[in-house]
Every structure is written in C-alpha cells, then in structure tokens.
Amino acid sequence: MTENAYLIFLLPLLSFMMIVFFLRWKEKIAAGYSIITILISWMMSIWVLLETIARHGVAHEAFYKFVEFKSFSLELGILVDPLTAVMLVVVTTVGACVEIYSLGYMHGDPRFSRFYAYLSLFLFSMLGLVLANNFFMIFIFWELVGLTSYLLIGFWFEKKSAADACKKAFITTRVGDLGFLVGLMMLITYAGTLNYGELFELVGAGAIPATILTIAAIGVFCGAVGKSAQFPLHVWLPDAMEGPTPVSALIHAATMVAAGVYLVARSMTLFVGSADASMVVAIIGLTTSLLAATIAITQVDIKRILAYSTVSQLGYMIMALGLYGYDTAMGHHSPGYYAGTFHLMTHAFFKALLFLGAGSVIHAVHTNDIREMGGLLPKLKITAPTFMIASLSIAGIFPLAGFWSKDEIVAATVHHPIFYILTLAIAFMTAFYMWRLCFMVFFGKPRDQHRFEHAHESPKNMSYPLIFLAFLSVCAGWVGIPWLSHGFASFAYHGEPYHPHFSFLNAFIASAVALSGIGLAYLMYYKKSISAEKIGAMIRPLYLGSYNKWYFDEIYQFIIIDPLMSFARFMWSFDARGVDGVVNGTARLTMLWSDLKMWFDKWIVDGAVNGAGWLVTQLGNLLRLIQTGKAQSYALFMGAMIVAIGFWKYESTFVEGAWPKMTIIVAICAIVLAILGRLIPQETASPEEDK
Amino acid sequence: MDFPILSTLVLFPIVGMVAVMLLPKDAHGAIRWTAVGFSLPPMVLSIWLVFDYFANFAAAGTMAYMEGPFEWIPSLNIQYLMGADGISIPMLALTGLLTTLSLIASFGIKVRVKEFFAFFLLLEAGMMGVFCALDFFLFYVFWEIMLVPMYFLIGIWGGPQKEYAAIKFFLYTLFGSIFMLVAILIMYFTSEPHSLSILTLMDHGPTLTHTLQLVCFCFFFIAFAIKVPVWPFHTWLPDAHVQAPTAVSVILAGVLLKMGTYAMLRINWPMFPDALRTLGFWIAVLGVIGIIYGALVSLAQKDLKKLVAYSSVSHMGYCMLALGAFSSVTAIAGCMFQMISHGLITSALFLLVGVIYDRAHTREIAAFGGLGSKLPIYTGIMVFFSMAALGLPGMSGFVSEFMIFVGAFGALNKVLVGIAVLGVVLGAAYMLRMVQNVFLGEFNLARWGDLTDINGRELVTVIPLIILTLFIGIYPKPLVILMNGTLEHLIGLMSR
Amino acid sequence: MMESQPSIAFWLLAIVILTSGFMVVSLRNIFHCALNLIMCLFSVAGIFILLGAEFLAAAQVLIYVGAVAILMIFAIMLTSEISNRRIVQTTENKSVALFISVIFALSSVFLIMGTKIWRMSDQALPENNTLTIGKYLMTEYMLPFEVVSVLLLAAMIGAIVLARKEAS
Amino acid sequence: MFPYLALAAILFSIGIYGVMTRRNVIGILMSLELMFNAVNINLVTFNKFIIADGLSGQLFAVFVIVVAAAEAVVGLAIVLLIYRNWRGIKSDYVNVMKW
C-alpha cells in the first residue's frame, strides 16, 4: 500500500474535479462522493500507518520530475515515514469527521456542493503537503492549502467580515511564505537540492555554512509562523473564524495550522544544525502561546476563544520543537520532538471536537456570543458531554489524551526555568478559559431565555462525529503512554528514538495546575463566589489589553497597512506626475522647441518676405491717401503741379546752377499737406447727411 | 526546398487582410469569420511547429526552418533570412493562439468592423515577422510595421483618451526604435564586410571595443526596454492598455511586451557579452524596482484595467530580474516561462476585464462588489487567473517565479533578490484586494441586478488559456526541454 | 497810354468782387453762396463797363445773372438742404488748396507786377461796341459763332437727356 | 492795366480754391463760374490795353460766356443726376475714379 500512497491524496483531487465538472447540481451525490473518497483515503492511511509501524519507520520515496536542468531539478515525490503516516491518519480522520458533520451543518446552503468541492481540494492539498518528499513540493501544497483556506474562509463571501478575513488570512500567511521562499532559495543555492533525504544528509555532514543554515532555517520557520499563526503573524487566525465552523475545525484547528508545526518537525535537522534558529523558534512559540492564552481569557465569542486556544496550543508545540532543536544542538537529550508531534496529533482530535461541538452549540442557539448562552447541558445531551470531554482533555486531566501529550511538553521545558514556569502558567490559563467557556455555556441559568427555548440537539450526522472524536480525545493519548515499549515515542522520532521517563513530579505539578485552573473557573463562573467583574476592574488595563487582543490589529493597521497604502498611493501619483511627467515634459519641451522654431519661421524667415510686401503695401497705403478717386483731389494736384512747374520753369531759367528749391518745396509741401489733410480729423458729419 | 513555414506564418495574415478588405463593408459576420478563418492556419501551423521542433531539434537547440539567405538588396548586403529556435517557437505559438482568441473576443466591435479586423491581421503578420526575422533590416521592418496597426487600433477603437494614448505609444516606441536603428547602423558599418545578418553579427559583437559595445548595448536596450516596458520607461503602458479595446490590450500584453524581452534575448544579450557583464546587475536592479514599483502602484489603483496594466509592469520586472541573472540557465528559462505565462494570464485577465466592461460599462473597482453570487462562472475564472497572477502553485506563474527566484538568487546579489521576493506578497495584496472588492462582499442588486454571466463565445476565448496555464503549471518539463538546448547555446554566447 | 490809375469805381468794384467771390467759396450755406455769386457777377459786369465793353456787360448780366445764377438757385432748391448749418461744405483738401491758391495768387500777382514788357497799345476801342461785335460775329467769326450755337443745342439736348427721369 | 490783371488773378485763385475745396457740386460749379469771370476780365482788359484796334478779346469773352452757359446747363443736369443716384450732391460720393 505504501507504494501507492499517492492515491491517498489524489482521491480527494478526483472528488474535487468530479464535483466541479459533473456534480455541481447534484448536492447529495456530490457530498456522498466526497465522503466516500475521504473514507477510502482514511482507510488507506490507516493501512499505510500499519505498514509503517510494521516496518518501523522505513521511508518509501517515489519520483516525478517537474523541471529538469543540468544543474538542478525540481521534482515531486512521496515520502512515507512515521511522521507522515501519523499526519495522514490525523488529517483523514478529522477530514472524514468534518465532512460527515458538514452534511448536517451545511444543510440547505445554496453552495452546498461547492463546499464539498473546496473541502476535497483542501484535503488533497493537505495530504499532498504531508506526503511531500522535498521542500519544493511542500511549498506547492503549502500554497494550495493557503488557497483553499482562502476559499473556505470566504465561503460566505457576502459577509463583509468574511471577505476581509479571507484576504487577511491569505496575505498574512503569504508574508510568512516570503521567508519560506527565501529559505528555499538559500537551500537550493547552497545545497543544490530540496529533497529531504539529500538535504538532511548534507546538513548532517556539515556541508552548509552555519550562518547560511541559520538564515535558511529561520526562513523555513517563517513559513511555519505564517501558517501556524505564530506571533507576529497570528492575527489572521481569529478572523478566519468567519468561515463555516466545520472549516474552522478542519483547517484552522486540526490540520492546516498544524502544517507549520509539521514543517518544523519535518525540517528538524536544519534546526538541530543551528541552535540560534532553534532558540528563535522556541521563543516565538512561547511568546505566541502566552499571548494567545492571555487573550483567550477575556474573549466572549465562542469560536474566537477556541481560535486563541488553538494559537496557544500551536505555540506550545512550536516551543517544544524549538527546545528540542536547541537541546539537541547543545548535545542534550530532549523529549521536545516527540512531545510536539504527539501534542500535534492529540490536539488535532480534541480541538476538532471542540470546534465541531461549538458548531453544534451555535447551530442550536444561533449566536456566537457566550454571554447569551447558559444552562444548555440538559438541552444538548450529546454535544455538551463531548465538549466537556474535549475541554478536560485540553486542560490536561488524567487519563485523557491531552494529559499525556501536555505532560511531555512540560517535561521538555524542565531544563529551561523561564520556559518551565511560563508553560505551567499557560497550562493554568488554558484550563481556566476552557472551563470558563464550559461553565458559561452549559451550566448556570439561561441568560437569553428565547434562545434557550429554541435550542435543540443537532441531527445525528452531526453528533456521531462528535462521539467518535470524543472517543479519540480520550484514547488517542494512550498510544504515547510512557510505559509502552513500542509507543508513539519509539515510533515517531528524530535522530534516535527517545524513551520517555515518566516523572510523577511533573505529572503531579501539571495536573495540579490544570485542576486549579478549572477550580478557579468553577468558583468564578459556576459558584460565582469570586466576582469576575471585580477582578476585571482591578486589573483594568490588563483586562482591556487582553479583551482587545493586545491591539495587534490596530498596531498593524497603523504601522504597516496604512503606511503601505499611502506609500502605494504616493507611488501612483509619483508615477503619474513624476515618471510620466518626465515623459510628458519631454514631449512638451519638444513641442515648445518646435513652437519656437515655428515662431522663428513665421516671424523672421517668412517675416522678411512678408516685410517686403508689407513695406510696399504701407507705401501704397500712404499714396492711397492722396489717390482718393475724387476729381477735386486730382484738380488739386494739377494745380499744385502747375504751380510747381511754374516755379521750375522760373528757377531753371533765372536761377542758374542751383537746385530748383522752390519747386521741390512747393511739391513736397503740397504732398505733405495733402496727406496731413487726410489724417487730421475733419468736421464731424451729421448723421442725416449720409443717408 | 522545404515548405517555407515561417514565411507562410507572416504572409498568411497579410493575405487574410487583403481578403477582409475585399469584403463588403457591412457584411460584419463575413468579415469576422473571414478574419478568424485566416488566423486559424497560422495558429495551427505555429502550434505544429512547437511539436515539430520538440521532436526534431529541441535536444540540440539549433536554429531551424531556415529560409534564405536570399539576396534582397544586394548593394547593401540586405538579406531575407528567417529562422526559429527554442525561444522563438513558443512565442510564435503564443502569437498565433492569442491572435485567434483576440479576434474571437472582438466580435463585439461595432464600428468600422472591416478596418479593425484588417489591422488586426496586419498586426499579426508584424508580430510573427519579428519572432522569425534573422536579418536586422527585416527585423526592423517588422518591428516598425506593427506600430502602424497598433496606432490605429488604439486610436480609433479606444477609450475616451484614445488619441493621447495612441500617440504616446507610437512616439515612445518610435523614439526607442531610433536608438535601435543607430545601433544597427553602428553594427553594420563596423563589420567587414558590411552585414546585417544577426547570426553573422553575433560573432562580430564581442570583437568591438568595450565602449562601443556599451554604446550599442545601451541603444538596443533602450529600444527594447521601452517595449517591455522596463521601469522607468513604462508609462505608455497603462495609458495604452486602459484606452485600447480589449482585444488590443490582450495582444499588447500577451505578445508585444514579450517582443522586448525576446529581442533582448535574441540580439542584445548574446551580441555584447562584455557590456552585459558590466550592466547585468543594474538591469536586475531595474527589474526589481519594476517588480516592487508596479505592485505598489497596482495596489493603489481604482480602475480594474489599470490594475492589470500595472501588474504587467510588475510581472515584466521578474523577466528583467531574470535577464539580469544571465549566467543562470534556470533564471533565463524562468524568464521565458514568465513571458509565456504572463502572456497567458494577463491576456486572460484583460479578456475578463473586457467581459465585465462590456456588461457594466465601468471598470471602477469600487463600483462592484459581491459579483460572486450573481456571476459564479465568471467569478471562478477570474479568481483562477488572479491566483495564477499572484503565483499560486499549479499554475504557470508559480513555475516561472520560482525558477526566476532560484536562478537569480544563485547568480545575483542575495539581498536584491530578497527584495524582489516582496513582490510576491504585494502581488497577493493587490490581486486579492481586487478580488475582494469586486467579487466578494455584498451584492448590489439594484445596480447590477441584470448582469449576465460569461457567455459561450467569451468562454471559448478563455478556456484555452486556462488549460495552458494549468498545463504549464503542472507539467512544465516539456517546455523546459523545448527551450533548454537553445538557452544553453545562448548562455554560451553570453558568457564569451 | 491810357489812364494808368483806375478810378475809385474800380476799387469799389474790385473789393465787392473779391469779397463776394471769397464768400462764394467759403460760406456754409450754399444758397448764400449763390446770392454772393450773383453779387460778384454783377460787379464783374461793372468792371466790363469800366473797361469799355458795354455789350459784354449786358451779356454778363443777362446770361450769367439772369440765366446761369438763377439756374443754379433752382438746382440748389432742387437738391440741397440749404438751411442745414451742420452740413460740411468743404473737403479735406482745404489747407493744401488754400496753400496752392495763395501761392498761385501771389506768384501771379508778382509775375504781373514784375512784367515790364507789355507792348501797350495807344489806340482806343471802337466806339460802337455792340455794332462792331455784331459785325464780327456775322463776318469774321461766323464759323465759331455757328459752332457755339451747335454747342448750345448739344448742351441743351444733353441736359434734357441727362436730367430726364428714367422711363421706368 | 495792372490792377485789372491782379484782380483777375486773385479772383481766379479764389475760383481755384473753391473748385478744390467745395464739397457741394453746385459750389464747384459756382467756383468755376468765378474762374470764367476772371478769365473774362483778363480778356477784356487785354483787349482794351493791348489790342485796342479790334474786339477779338471781347468776342472771346462772348464765346466764353456762351460756353460757360452751356457748361452750367450740362453741369447742373449732371448735378441732378448725381443727386438722384446718391441721394445727395456731395462730391465725396463721386469717387468712382478710384477703382
């Protein structure tokens, strides 16, 4: 079966294509088809898991060349090792549960079959991500799960909040992918391959310089930060709750957000090679976990509480993995890797259960606000117990699944006091906010009578998955019981198998912390012997900060998005005025220059020609003044000329050797006077004169 | 003598143009189908060329289907010389395909139908010629021939500011062409005997002095960079794209921009390796500026078509980044991939913007909202291409971007490429912002209640692009094999 | 040599002629001009008498004063608005015309004054002026006389033709 | 003799002035009459003082008077014609020689 493991992720793709091309209008068939394919995948996954257990972690790889050059090639391939096998089972299990659950939850939605298409596409991408045998392939599916997450968050895209949330989710995770991409480029440039096996071999042999490795590892971790909603890119996950609740359960609780953890676990060799990078990972994980836990305490939206809880738990896992990398790099043994992956598995089950339960509650009361719920226990006979089982599990109560995995995480931090204390604090907060939720939703008096009365248990196809997941929430942890010789620890490991030593002290402290958290919640929200309002008022700034999610959205809006948009607008205007201005300015200058030349041509060159004509015209105009066309004028000149001739005759006869001055004077005087006479204004003519 | 395939590619559209011109003016149906009919054989032939080259020549990457050299103007040693190799064959196929699709997409043209289709076929001839010509004179002639129909196509059938856009496009490109002409003349007069054959001059280029190489390189580069368009020569592009009719935008984005990068790869880069080594880094810098700048400006756009136009600037920036990393086969192959995938994706986006513009008569992003519930198929296709444009795996854009980044990262300054990667996020930002504002959110029933979904004819124009985008995204290997030999050869020339 | 100095009568007549002549060319009212013209022509007739040309003086009075001047007055009556004081009666040539005519007059007078070569006749005019003229007209000046009569006829016909209103 | 000639000269000048300046066509005709008279005065004067043995001067004067009469007749007819055509008899109207 392992040889044909690619079928596991191709089956959902087949389902997606069938629904898109053939089953769009046949909702029932589409959903059924989709569920059948995922069930087949589930069974195959279990088979693969069993085979892997039988072979004790022997990997199988298969290749398909994607792009091939002389120097390097990109390929797709399947790698099945214990980690993959576990993840396959987790993903297909939760996927199958969610698909069955959605039959009831999405009933009557106008885009019912499309929902199943998207779910199938997601499962295809997620399984491909898990099965990938190299970083290139994981990156491809990494992006594809981002796409399906985008599509599913925005499934009810008519809601503006959903439309905003899906964009935010995609872009925020893409910021992380940026680092991932840079890390991949570093690896491919310095190692020449992206194949896990070859790459880890090179890293193990020390073929890659430490600095490069650190940068590459942090780059890869950036991808995980984006996908797993770690600080500082955690802001998208709570908003992603705008999607349908089954989607939140599948993608944003159990599988896709865990992909970041999976990626860190998968590339653990890189982190082991670089202690600095591991420390960064651990610190980021811890910060995230703490932040999210403090926020979750004060939230009132049931899904958001769960979302922050998810972020917090993911931070837990990341922290454990980071500490493992650090300790191993320092030469110590650490249960971190085992703890992280183990918690990844158990968390997937109980968090999916919590979300599905929350979905069931929402389905019943049609609100997300826990302040409007209350006393629902008798109404929701299946949902409430399963939900509380999951809450106990996440709080880490013996002997539920969460107890075993959380215990290992606490154990991983033992050698780092700060981490240890804060981890316990987070465990306390986790127990507190989960049971705050439970007490407010299921116990006490109904706060909204109207909603209470209309509440009803969900249909069977919604409650069966709950029961099944509740079973897993209880039992899944038992595979990791430390006394088991072939348990989880000796199955999924990095480097050499880790054999946990059960520490009763640790277990006791962790359990005590969890129980005290539950107890505090009991006192505050069930007994009401401690007033939550009073405490809130006492630490009002902290309360407000927590309630407003430490203002991350506002800060990002203020620091990044607004400046970016203003910068973009500035660039646009720069483009229109600056760059284009230069182009247009050049054109305008050219036009100006040609205008100048045209002016020159018109007034200087042509002006000389026209000027000659103008001179003649003006002379003519001058002469025109005496050329009136009137007999009298002509008579005048006849007279003038007669006089002049007379003078000329006289002068030429009697004044010898001199110019005929008088003639000229008379002639000129006559002409000048004639012209002047025309120019001097005459007596005004009466109006009636010129009738 | 073999059948002159390349000449047929060039001449057939011209025959088609004459045929269209001979039809009566009002027979719109006949004109349309004649034009489409005459564009089909070149398309089929060019696609057949892909398979033929793949089967027979790809391994060696040689110049194939040579025609000539025939003496054309013997006194100047101008020859008729055509040929195609691994980088021109995909471009020819792209040209053939996009021309046919654009012709089908422009059935909505109502005014001066005959002239439109005639000009379009002339345009196709010019484009085909540019990708085939191996003689500088011939190349220059085809390069300029295209301007004429383009000018009229924008200037007559364009939007409100069509004259401005058309003149800007025309003058800007012509401005660049003058530099190219000077460079060609320099090459011509320094070679002995005087020659205009690109293949001959390929050996002559490196023998020039360094300064002269730089001059020629820069002159050619300016001419091609305007066409690409490389930042800061890009400002004609938004105007031309926005004002041009849909089909012309498609050709402009799909083929014309590629001519710049193609010409750089064909002429500029291998002919002046010394200058390339000097300037390669700065070209990559221009490319990175283009990526970030184009993405940022797209982010601020209010007009759907302008957004796509500026995204072209960003996407062609990837090509320039890859061309700056000339020593890496991966990067250059990525550049070719990016040319093809941008040709497919942006053309499709322009087609789709045209579809919505035909119905709504506005392209303002803010005017829409929630179209997803009214036009499900259109929305699906548009989201598909938006995802392709932002480089989602499984589609061609991802392959090209990844190859470019990987190649450039190995060959260039790491920080520079690191900055370029930012373009991926910005690309997602502007594309998703557009998708959100247009397709998601509440639907304005009162205003867009009678919008209809994409129709059959429009689907016909888009579906081939979907198939090719997916095919290249999922199985890029054949395309790599098709180009690899040629690229190795070119890179050998570049690293002389 | 006859009497070299003219009589008082001549001076009186000369003053009247020049004054009225000047009035003719300068007055605004064309009717007054015509009256002054009559005055002037009368005075010229007086000059003729002083110069011993009685027949001519009679003809002057009869033809000029009796016919031409009256004709003029008729024409004025027919055409002009005689009483309108605002009518401009002079052309723009006034200054130059003044200049020329003054020069003409002065130069003529100086020329006359400076000319010393007159061959003065010491004979007297024939006694019977009218008779002699009549003889001459019928004998020596027969042909001009007839021509002039034809001229008059032509002028009369011409005037009729010119002044007649168009038939339509 | 001299005063007679001077008188005629001045009268002639006045006539010239009138001809040149009068705007009224009838005024021009009157000025012409003045000039004729000046000429007549000259003729008669010369007849008396220089060729006193005949009457040729006076006869000339007679002819001048006759021609002047004819001229006046035709002239006035023309005046009427002008008046009819231009609704006025200003000499300004009659500038058709310009073209």
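Here, each number is a calculation from the coordinates, and none is a lab measurement. Note that the structure is a prediction, hence the values are computed from the model and not measured. Backbone-built Cβ (ideal geometry, glycine too); neighbour counts: all protein chains shown.
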Nearest-0.05 FRET efficiency for B:ALA360 and A:ILE530 at R0 = 51 Å, using Cβ-Cβ distance, is 0.25
A correct Karplus calculation of ³J(HN,Hα) over the stretch A:132-147, with 6.51 cos²θ - 1.76 cosθ + 1.60, θ = phi - 60°, whole Hz and x for Gly and Pro, returns 4, 10, 8, 5, 5, 5, 5, 5, 4, 6, 3, 5, 5, 5, x, 4
Rounded to the nearest 500, the 222 nm mean residue ellipticity computed for chain D from DSSP H runs (n ≥ 4, each -39500 (n - 2.57)) alone is -27000 deg cm²/dmol
Relative contact order of chain A (C-alpha contacts under 8 Å, at least 6 apart) in percent is 10 percent
At the level of C-alpha centres, the distance separating the stretch A:3-21 and the stretch A:72-91, in angstrom, is 16 Å
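Given DSSP loops and a limit of at most 10 other Cβ atoms within 10 Å, what is the longest stretch of chain A that contains no such chymotrypsin sites (Phe, Trp or Tyr not before Pro)?
Counting only loop sites that pass the neighbour cut-off, the longest clear stretch is A:26-482.
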Fewest to most Cβ atoms within 10 Å: B:ILE404, C:ILE160 sort as C:ILE160, B:ILE404
Dipole check, the protein assembly as shown, charges on Cβ (K,R +1; D,E -1), about Cα centroid: among A:ALA512, B:GLY410, B:SER347 the Cα furthest to the positive pole belongs to A:ALA512
Ordered by number, the trypsin sites (Lys or Arg not before Pro) in the stretch A:67-176 that occupy a DSSP loop and have at most 11 other Cβ atoms within 10 Å are A:LYS70
For the table A:LYS160/A:LYS527; A:LYS160/A:LYS351; A:LYS661/C:LYS116, the rows whose alpha-carbon distance is greater than 29 Å are A:LYS160/A:LYS527
Partner shielding of A:373-383, as the mean number of partner chain Cβ atoms within 10 Å, equals 0
At q = 0.06, 0.09 1/Å the base-10 log of I(q)/I(0) from the Debye formula over the alpha-carbon atoms of the protein assembly as shown is -0.66, -1.15
At the level of C-alpha centres, the distance separating the stretch B:146-178 and the stretch D:24-50, in angstrom, is 88 Å
Dividing the mean separation of Cα pairs under 8 Å (6+ apart) by the residue count of chain B yields a relative contact order in percent of 16 percent
Taking a straight Cα-to-Cα line shorter than 17 Å from C:LYS94, and setting aside same-chain aspartates and glutamates fewer than 8 residues away, one finds A:GLU683, D:ASP92
Phi angles of the stretch B:468-478, converted by Karplus (6.51 cos²θ - 1.76 cosθ + 1.60, θ = phi - 60°) into ³J(HN,Hα) in whole Hz with x for Gly and Pro, give 5, 4, 5, 4, 5, x, 9, 9, x, 4, x
Expected sort for B:HIS361, B:HIS204, A:HIS333 with the fewest Cβ neighbours (10 Å cutoff) up front is B:HIS361, A:HIS333, B:HIS204
Among B:THR207, D:PHE2, C:SER43, the residue whose Cα sits farthest towards the positive end of the charge dipole of the protein assembly as shown (+1 at Cβ of Lys and Arg, -1 at Cβ of Asp and Glu, taken about the Cα centre) is C:SER43
Here Rg/Rh (Cα, Kirkwood) for the stretch B:68-119 equals 1.23
Taking N as the number of residues in the stretch B:417-496, the ratio of its alpha carbon radius of gyration to 2.2 N^0.38 Å works out to 1.77
Square roots of five times the C-alpha gyration tensor eigenvalues of the stretch C:125-168, ordered largest first and given in whole Å, equal 36, 11, 5
In whole percents, the bins of 5 Å from zero upward hold the Cα-Cα pairs of the stretch A:1-156 as 2, 10, 18, 21, 18, 13, 9, 5, 2, 1, 0
Rounded to the nearest 500, the 222 nm mean residue ellipticity computed for chain A from DSSP H runs (n ≥ 4, each -39500 (n - 2.57)) alone is -23500 deg cm²/dmol
Sorted by chain and then number, the residues having a modelled amide H within less than 5 Å of the amide H of A:ASN134, at least 5 places away or on another chain, are A:GLY77, A:TYR196
For the stretch A:342-353, Karplus-derived ³J(HN,Hα) couplings (6.51, -1.76, 1.60; θ = phi - 60°; whole Hz; x for glycine and proline) come out as 5, 5, 3, 5, 5, 4, 4, 6, 6, 6, 4, 4
The alpha-carbon center of the stretch B:275-346 and that of the stretch A:449-469 are separated, in whole Å, by 54 Å
log10 I(q)/I(0) for chain B, Debye formula on C-alpha points only (no solvent), q = 0.10, 0.13 Å⁻¹, two decimals, reads -0.70, -1.23
Mean Cβ-within-10 Å packing, highest first, puts peptides C:133-143, A:360-370 in the order A:360-370, C:133-143
For A:GLU158, other-chain or 5+-apart residues with amide H closer than 5 Å (H placed, Pro excluded) are B:GLY441
One quarter of the C-alpha convex hull surface, i.e. the mean projected area of chain A in nm², amounts to 60.9 nm²
Burial-style ranking of B:83-94, B:3-14, average other-beta-carbon count within 10 Å with highest first, yields B:83-94, B:3-14
Evaluated at 20 °C and 1.002 mPa s, the Stokes-Einstein D of chain D based on the Kirkwood radius over Cα pairs, in µm²/s, stands at 144 µm²/s
Expressed as a whole number, the average count of other chain Cβ atoms within 10 Å around the Cβ atoms of C:51-58 is 6
Excluding residues fewer than 8 positions from A:LYS379 in its own chain, the lysines with Cα under 17 Å of it are A:LYS445, A:LYS460
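What does the helix-only formula give at 222 nm for chain C: each DSSP H stretch with n ≥ 4 adding -39500 (n - 2.57), the total divided by the residues, and the result rounded to the nearest 500 deg cm²/dmol?
Working: 7 runs with 109 residues, N = 168.
Calculated from helices alone, the mean residue ellipticity at 222 nm is -21500 deg cm²/dmol.
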Counted neighbours (other Cβ, 10 Å), sorted fewest up, put A:MET126, A:MET565 in the order A:MET565, A:MET126
